[in-house]
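Inspection log for the structure reproduced underneath, given as structure tokens.
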Amino acid sequence: MEPSQEKVPGTSYRRDTTTTHQAATGQFGRIMLFAGSSCEALSKEIAQELGIPMGQHERLTFPNENIFIKLKESVRGQDVYLVQSMVTPLHDNIMEMLIMIDALKRDSAGRINLVVPYMAYTRSDKKDQPRVPITARLMANMIEIAGADRYVTIDLHAGQIQGFFNIPGDALTAFHLLSDYMLEKDIQDLTVASADLGFAKKARNWAEKLGAPLVVVEKRRLFNSKDAEALTVIGERELIEGRSVLLVDDEVLTGGTIVKAVEALRERGAKDIYLAFTHALLKDTAFERLGGLGLKEIITTNTIPTPPEKVLPNMKVLSSAPLLAEVILRAHEGRSVGELFGE
Ligand code: R5P
């Protein structure tokens with residue numbers, strides 16, 4: 001049979017579809033996949049990609065709000081993957097995740113891999129003012145103490161958060177997934193705009209990949225206010241005026257940052273504005289805010305589930321399932337993950 005090669009979305013890797021690895025039993029037993037409450041649809045997609053059934057468990061909440069988990073099948077000696085994003089209801093989902101890890105550990109799983117497409121509490125990663133916590137470190141400690149052996153995540157707020165973990169992990173990025181989609185549009189007059197100074201380095205990767213110039217919207221948060229303020233745009237006006245602009249960021253929460261950035265770009269004469277970001281947290285009135293901005297297209301991923309009825313007509317949600325499935329398979333078989341990205 002002629003070998004058939006298929007690109008794994010979100011990577012530069014072409015998978016040989018004539019061979020199958022799914023049945024392989026690795027050093028830690030077979031792959032078993034469990035879904036936390038926040039990631040049922042994404043987990044099913046990953047399971048389909050891997051050609052395996054979903055692991056079964058039941059979850060109860062007692063009247064005192066305590067969460068109870070019971071695995072409905074044995075995980076003894078197996079390579080277990082638990083998928084849970086840290087999204088609303090945030091604290092329930094975090095507790096559920098930790099309790100599930102504990103249940104897996106006490107049932108003697110061979111290895112516990114936590115797949116957290118979106119990791120919360122990572123914005124606080126340093127003491128940048130007196131008398132504040134470092135919640136990113138706390139989160140890493142809780143995951144380790146609960147019993148996870150490895151973690152997989154996508155677009156951590158800052159790469160150095162990996163250093164808070166003592167267990168190995170794969171800190172992935174949705175950059176390839178999102179940027180490949182934009183590349184296919186082949187927009188000739190495109191400028192990339194970082195929505196935030198902190199994202200400028202990553203936005204530079206976007207600009208290089210798309211062969212576009214880069215501008216940066218400089219935003220300053222006043223005290224600990226949740227409302228962002230875009231102050232200025234760093235970059236020549238002619239890089240924006242009459243041109244298509246792709247605004248990039250890692251996450252959108254209230255939409256405040258994006259609203260200000262779009263205003264600043266429109267003031268400078270931007271023509272069509274596209275928006276790309278990994279994590280669609282989209283709280284409060286963010287959907288309405290984004291919907292009212294007249295953006296050409298909004299491109300995001302399913303690291304956080306967006307209810308179908310909330311997906312805006314100009315919104316494209318790309319699935320991270322093929323990428324996560326390939327990474328799970330490689331972790332299971334002890335193959336390189338860097339190879340997926342030509343590294
Ligand atoms: C900030 O550091 C992030 O990159 C995002 O710009 C921010 O989280 C977006 O939040 P919001 O949508 O509430 O302005």
Mind pulling the angle between the C-alpha long axis of helix 200-210 and the longest principal axis of the chain? Nearest 10 degrees, somewhere in 0 to 90. 80
From phi via Karplus (6.51, -1.76, 1.60), per-residue ³J(HN,Hα) for the range 273-279 in Hz, x at Gly/Pro: 10, 9, 10, 10, 7, 7, 9
Under the rule of at least 5 residues apart or a separate chain, name every residue whose amide H is placed under 5 Å from the amide H of V215. V192, A193, S194
How high is the relative contact order of the chain, in percent, with contacts defined as C-alpha pairs under 8 Å that are six or more residues apart? 16
Protein accessible area in the chain, 1.4 Å probe - carbon and sulfur %: 50
Karplus-derived HN-Hα couplings along the range 231-242 (A = 6.51, B = -1.76, C = 1.60, θ = phi - 60°), whole Hz, x at Gly and Pro: 9, 7, 10, 8, x, 5, 4, 5, 6, 10, 4, x
On a C-alpha basis, how far is the centre of the range 254-287 from the centre of the range 161-215 in Å? Whole number, if you could? 16
For the chain, take the convex hull of the Cα atoms, compute a quarter of its surface area, and give me that in nm², please. 19.2
With each label point set 7 Å from Cα along the Cα-Cβ vector, what nm distance links Q129 and T88? 2.4
Ranked from highest to lowest mean number of other Cβ atoms within 10 Å per residue, what is the order of the peptides 329-338, 83-92? 83-92, 329-338
What FRET efficiency do you get for Q5 and F62 if R0 is 51 Å and r is their Cβ-Cβ distance, rounded to the nearest 0.05? 0.50
So what J values fall out for the range 73-82 if you push phi through Karplus, 6.51 cos²θ - 1.76 cosθ + 1.60 with θ = phi - 60°, rounded to Hz, Gly and Pro as x? 8, 6, 10, 3, x, 9, 8, 9, 10, 10
How much area per residue is accessible in the chain when the probe is 1.4 Å and only protein heavy atoms are counted (Å²)? 47
Cross-link reach from K72 to lysines, straight Cα distance under 24 Å and at least 8 residues apart if same chain, gives K44, K105
Would you calculate a helix-derived [θ] at 222 nm for the chain, using -39,500 (n - 2.57) for each DSSP H run of n ≥ 4 and dividing by the full residue count, to the nearest 500? -8500 deg cm²/dmol
What's the FRET efficiency of K296 with Q162 using the Cβ-Cβ distance as r and R₀ = 22 Å, to the nearest 0.05? 0.05
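If you take the beta carbon distance between E238 and K283 as r and set R0 to 30 Å, what does 1/(1 + (r/R0)^6) give as a FRET efficiency, to the nearest 0.05?
0.25
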Where labels lie 7 Å past Cα in the beta-carbon direction, separation of R106 and L138 in nm: 2.5
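The values are calculated or read from the model by the stated rules, or taken from the named source; none is laboratory data. Everything numeric here is computed off the predicted structure, so don't read it as measured data. Cβ atoms come from the backbone with ideal geometry, glycine included; neighbour counts cover every protein chain shown. To get the accessible areas, we keep the full protein, side chains included, count just its heavy atoms, and leave off ligands, DNA and RNA. Shrake-Rupley method; radii C 1.70, N 1.55, O 1.52, S 1.80 Å.
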